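Report on the following structure.
The values are calculated or read from the model by the stated rules, or taken from the named source; none is laboratory data. Just so it is clear, the model here is predicted, and its values are computed rather than measured. Ideal geometry is used to build each Cβ from the backbone, glycine not excepted, and the neighbour counts take in all protein chains shown.
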Amino acid sequence: MPGDYYDILGVDRNANKEDLKKAYRRLARQYHPDVNKEAGAEERFKEINRAYEVLSEPETRSRYDQFGEAGVSGSGGFNYGDMGDMGGFADIFETIFSGFGGGMGTGGTRRRTGPTKGDDLRLDLKLDFREAVFGGEKEIRIPHLETCQVCKGDGAKPGTGAKTCPTCNGQGQVRRATRTPFGSFAQVTTCPTCNGQGQIIEEKCEVCNGAGRRQVTEKLKSPFPEGLMMEPV
């Protein structure tokens, strides 16, 4: 059974977040298996990781204070704690992806809806011991879709345009009437020619092949703070 998490980190029960971080950094340096080869150092390091993982998060710390290990036994797993220390990193991603989202248009069609905000982005970064303790910066590559600069997003070759779909006459839907012994029934389906857009592109943009968007890769410098939670080894 694990010992008291406060005792493991050597802090009192009123320790604040900064106290916990300082204690964790000091003990992580001392007991990390890459640094300390003594017997028992690896197990001690795991205990330190687990204690900090629980106490650094207000929710799990509150459960631990009330119920002890039983209150957090199902909340195992690795997390980076409070990522608010990473400053405007989330804002960088929001800038990149704010104009993206919504489904990709099928080739030969043009989209009617404007851009919508995409989902939040989550990336997993592998850090070595020194990076986790002292912090630093890594370059990451993010593939994403952006509006084609040649056709400006409409999917048509410059100098050309779209024409009314001859199958649905610009309605985007096809109505079929079916006669049965019980009477006539009308069935409305999405036009298979224009995929519901009502228009078709005569000549597709050669750069994006009529999609209106193209795949690009963005390079970013990802800062990460010192004293991050480390995954038990």
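Based on what the data block shows, is Lys126 in contact with a Ser or Thr (Cβ under 8 Å, 6 or more places away or on another chain) and under 30 Å from Arg29 (Cα atoms)? I'd like the intermediate steps shown before the answer.
Values: in contact with a Ser or Thr (Cβ under 8 Å, 6 or more places away or on another chain): no; under 30 Å from Arg29 (Cα atoms): yes.
Judged against the criteria, Lys126 is not a match.
For every residue, the table says whether it meets (1) of a type in the set (Lys, Arg); (2) at pLDDT 90 or above; (3) on the phi > 0 side of the Ramachandran plot; (4) surrounded by fewer than 20 Cβ atoms within 10 Å (Cβ to Cβ).
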residue	(1), (2), (3), (4)
Tyr5	no, yes, no, no
Asp12	no, yes, no, yes
Leu20	no, yes, no, no
Ala41	no, no, no, yes
Leu55	no, yes, no, no
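Among residues of segment 8-24 that are among the aliphatic types (A, V, I, L, M), those with a beta-carbon under 6 Å from a residue that is part of a helix (DSSP H, G or I) and surrounded by fewer than 20 Cβ atoms within 10 Å (Cβ to Cβ) at least six positions away or on a different chain give the pairs Ile8/Glu47; Val11/Asp19.
For segment 208-225, filtering for residues that are assigned to a loop (DSSP other than H, G, I, E, B) and within 17 Å of Gly135 (Cα to Cα) leaves 1.
So which residues in segment 1-58 are among the hydrophobic types (A, V, I, L, M, F, W, C), within 30 Å of the chain's Cα centre (by Cα) and more than 21 Å from Ser73 (Cβ to Cβ), if there are any at all? Within segment 1-58, just Ala28 meets the criteria. Here Val150 passes the criteria (1) touching a strand residue (DSSP E or B) at 6+ places or on another chain (Cβ under 8 Å); (2) assigned to a loop (DSSP other than H, G, I, E, B); (3) of a type in the set (A, V, I, L, M) except the one numbered (1). Pairs are defined by a Cβ separation below 8 Å, a sequence spacing of at least 6 or placement on different chains, a first member in segment 145-174 that is modelled with pLDDT under 85, and a second member that is in a loop (DSSP other than H, G, I, E, B) and hydroxyl-bearing (Ser, Thr, Tyr); the pairs so defined are Gly155/Thr109.
Ile140 meets all of the listed conditions (1) assigned to a loop (DSSP other than H, G, I, E, B); (2) touching a residue at least 24 places away in the same chain (Cβ under 8 Å) but one, namely (1).
Phe185 falls short on exactly one of the conditions (1) outside any loop (DSSP other than H, G, I, E, B); (2) at pLDDT below 80; (3) closer than 30 Å to Ala28 by Cβ, and that condition is (3). It is to be established whether one or more residues within segment 213-220 are in contact (Cβ under 8 Å) with a residue 40 or more places away in the chain and within 30 Å of Tyr24 (Cα to Cα). Yes, there is a match, as at least one residue in segment 213-220 is in contact (Cβ under 8 Å) with a residue 40 or more places away in the chain and within 30 Å of Tyr24 (Cα to Cα). Among residues of segment 177-190 that are closer than 22 Å to Thr167 by Cα, those with a beta-carbon under 8 Å from a residue that is part of a loop (DSSP other than H, G, I, E, B) at least six positions away or on a different chain give the pairs Thr190/Gly172; Thr190/Gly196.
Within segment 3-28, the set of residues being out of contact with any Asp or Glu (no Cβ under 7 Å at 6 or more places or on another chain) and among the aliphatic types (A, V, I, L, M) comprises Leu9, Ala15, Leu20, Ala23, Leu27, Ala28.
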